[in-house]
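For reference, the structure discussed in these notes is given below.
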Amino acid sequence: MASVSIENTTTTDVKKRSKPRRGLVPNYWPFVIPALVVIAAVIVFPWVFTLWMSVNSWTLGQSQSFAGFANYARLATDLRFWEALWHTVFYTGLSVIAPVFLGMLAALIFDAQFPLRGLLRGIFVMPMMATPVAIALVWTMMFHPQLGVLNYLLSFIGIGPQEWIYNQISVIPSLVLVETWQWTPLVMLIVLGGLAAVPREPYESAEIDGANVWQKFRYLTLPMIAPFLMIAVIIRSIDAVKSFDIIYAMTQGGPGTASETINIYLYNTAFSYYDIGYGSAMAVVFFILIVALSFVLLMARQRANWSDTETR
C-alpha cells in the first residue's frame, strides 16, 4: 500500500510539473519592439516628414504655409530639373555600360590560367576599396589642364591638352571615367563567380565540333553568365543613378550646370537655396523614379534564364 501511494504521489508531481504555466508563455515582443522603433525612427519618420514638407511652401528663415501639390506642379515646368534628369540618365547609362563591358572582359581574362593571376586580381580590385572623396580629389588633380598627369601622358602620343571636367561637353564622360575605374572590379568579381559555376563539358563538346573562340563565347559563355551580368547591371544602375559624392567633390554640378544631376540639384535646392519644400518634392519624385527603375530591372532579372534551369 505504501508503494502504491508513493507511485500515485510521483505521478501527480510529474503531471503538475509537465502542465504548462500560463505566466511562462514565451513573449517575443520585447525583442521586436526595439527593432521596430529603430526602423520607424530611421526610415519611416524621415519619409513621412519629407512627404509632409513636400506639400508645404517652406524656405528657411520664412514662415511655412500649406502649398498642396504646387511644388510638384512646379517640377513639370522647371527646365533645370529636366536638364538634371537628362544628365542623370546620361551619366547612369554610361556608368553602367562601360563597367559592365570592361568588367566582363576582365573576368574572362582573369578566369584563364596564367602566372601571378592571384596577385593581379588583388591589384585590380584595389580601386573598389578606396573612399569616393579620396578618389575624387586624386582624379581632380589628374584632370588639371596644365598640371594634370593625364594631359602629360597624352602629349607622348601627340594629343593636345584636354579640359576634361572643366569643359561642358567632356565633363560627364570624364566623371564616368572615374566611376568606371572604381567599379569595374566589382563587375569583374560578379562575373568571375558566374564563370566559376559554368560547367566545362559544353566547351569540350564545342571543341570537338570545331567551334572557335568567338562561337564558344557567343553561344556558351554569354548565355550562361547572362544572369550574373544582369545582377551587375542592377547593382550598377541603382548605384549610378544615386551617385553624389564623386560628382559633388569634383565639379559641384559644374561647369555651370553641365554635370548637375538630380541629386546635385536637389542638394543645392534644399541646402544652398534653402527651399526645403521644393527640395522635398524633388526627393519624393526622385525616389519614385528609383523605385520604378528597380522594378523594371528586377522584372528583367526574372526573365533571365539561369544556366542550370536551361539544362534541366
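The residues on offer are Ser174, Ser170, Ser65, and the sole one that is without any contact (Cβ under 8 Å) to a residue 12 or more places away in the chain, crowded, with 16+ Cβ neighbours inside 10 Å and not basic (Lys, Arg) is Ser170.
State all residues of segment 239-261 that are surrounded by fewer than 21 Cβ atoms within 10 Å (Cβ to Cβ) and farther than 17 Å from Val89 by Cβ; if no residue qualifies, say none. The answer is Asp245, Ile246, Tyr248, Ala249, Gln252, Gly254, Pro255, Gly256. Here Ala106 passes the criteria (1) part of a helix (DSSP H, G or I); (2) more than 30 Å from Ile165 (Cα to Cα) except the one numbered (2).
Note on segment 133-164: among residues that are in contact (Cβ under 8 Å) with a residue 24 or more places away in the chain and open to solvent by 40 Å² or more (accessible area, probe 1.4 Å), the one that is farthest from the chain's Cα centre (by Cα) is Leu137. Scanning segment 181-202 for residues that are over 25 Å from the mean Cα position of the chain (by Cα), within 17 Å of Ile109 (Cα to Cα) and without any contact (Cβ under 8 Å) to a residue 40 or more places away in the chain turns up just one, Arg200. Contact map, segment 114-127: first residue among the aliphatic types (A, V, I, L, M), second residue surrounded by 10 or more Cβ atoms within 10 Å (Cβ to Cβ), Cβ cut-off under 6 Å, separation 6 or more or different chains; pairs are Val125/Pro185.
The values are calculated or read from the model by the stated rules, or taken from the named source; none is laboratory data. This structure is a prediction, so every number in the text was calculated from the model and none was measured. Ideal geometry is used to build each Cβ from the backbone, glycine not excepted, and the neighbour counts take in all protein chains shown. Areas reflect the complete protein model, heavy atoms only, side chains present, ligands, DNA and RNA absent. Shrake-Rupley method; radii C 1.70, N 1.55, O 1.52, S 1.80 Å.
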